[in-house]
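Below is one structure, written out as structure tokens; the observations come after it.
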Amino acid sequence: MSEETDGTALAGQARDALAQRARWPWWYIGLMGLALLGLLAAPLVPHLTTWSGAYQAVMWPSLVILLFGDLLLSRLRGTAFSRKTLRAYPSTRLTGVALLVVGVAGIVAVNLLVRAEETGPGIAVAIATAVIGAGLMCGMNAAMRRDIRDGRVVRP
């Protein structure tokens, strides 16, 4: 019985240590929030400048960071996460779906405001959506760490 208790305690300590290591750094969440802001604000940029390539100069780097930012994090921190986060960490599903809904709603709202020539409200919506998105990412990371600590990680 003692060996089983010791093994359980060691497994719990290992999961706690791994959950602590899985904390995303502030710069990663900030970078992802900034990339989301760039993606949302890309339709607004041509209305704020006369440069013809402004849309592509903002949109493409933002999209690349959003798609491959996790690879940058794993290179710099040595911690690799599943690219199928919503499947691997069950507690992230609600927050992850909320992040997708907020992102899509923000993109639609900004594009509708651009069509209506409402640049100011479009900027406000883009900033608000990016801040909410960064907050939801913090929630996703907390849910991931909770799943790791509780041993609920599923192999995708």
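Every number here is computed from the coordinates shown, using simple stated rules; none is lab data. Owing to the predicted nature of the structure, the values given are computational and were not obtained by experimental measurement. Cβ coordinates were reconstructed from backbone atoms using ideal geometry, including for glycine residues, and neighbour counts include every protein chain displayed.
Observations
- Among the residues of the range 120-144, those identified as within 18 Å of V97 (Cα to Cα) and touching a residue at least 60 places away in the same chain (Cβ under 8 Å) are T129, A130, V131, G133, A134, M137, C138, N141, M144.
- Test: S74 is of a type in the set (S, T, Y) and either more than 29 Å from L18 (Cα to Cα) or surrounded by 15 or more Cβ atoms within 10 Å (Cβ to Cβ) (or both): no
- Scanning the range 32-59 for residues that are over 22 Å from V101 (Cβ atoms) and not polar (S, T, N, Q) yields a total of 10.
- Leading residue by the ranking (nearest to M32 (Cα to Cα)) among those in the range 95-148 that are surrounded by fewer than 17 Cβ atoms within 10 Å (Cβ to Cβ) and polar (S, T, N, Q): N111
- Scoring W60 on the criteria (1) surrounded by 15 or more Cβ atoms within 10 Å (Cβ to Cβ); (2) within 22 Å of G122 (Cβ to Cβ) leaves a single failure, condition (1).
- Some residue of the range 7-29 being in contact (Cβ under 8 Å) with a residue 60 or more places away in the chain, in a helix (DSSP H, G or I) and under 20 Å from A109 (Cβ atoms): no
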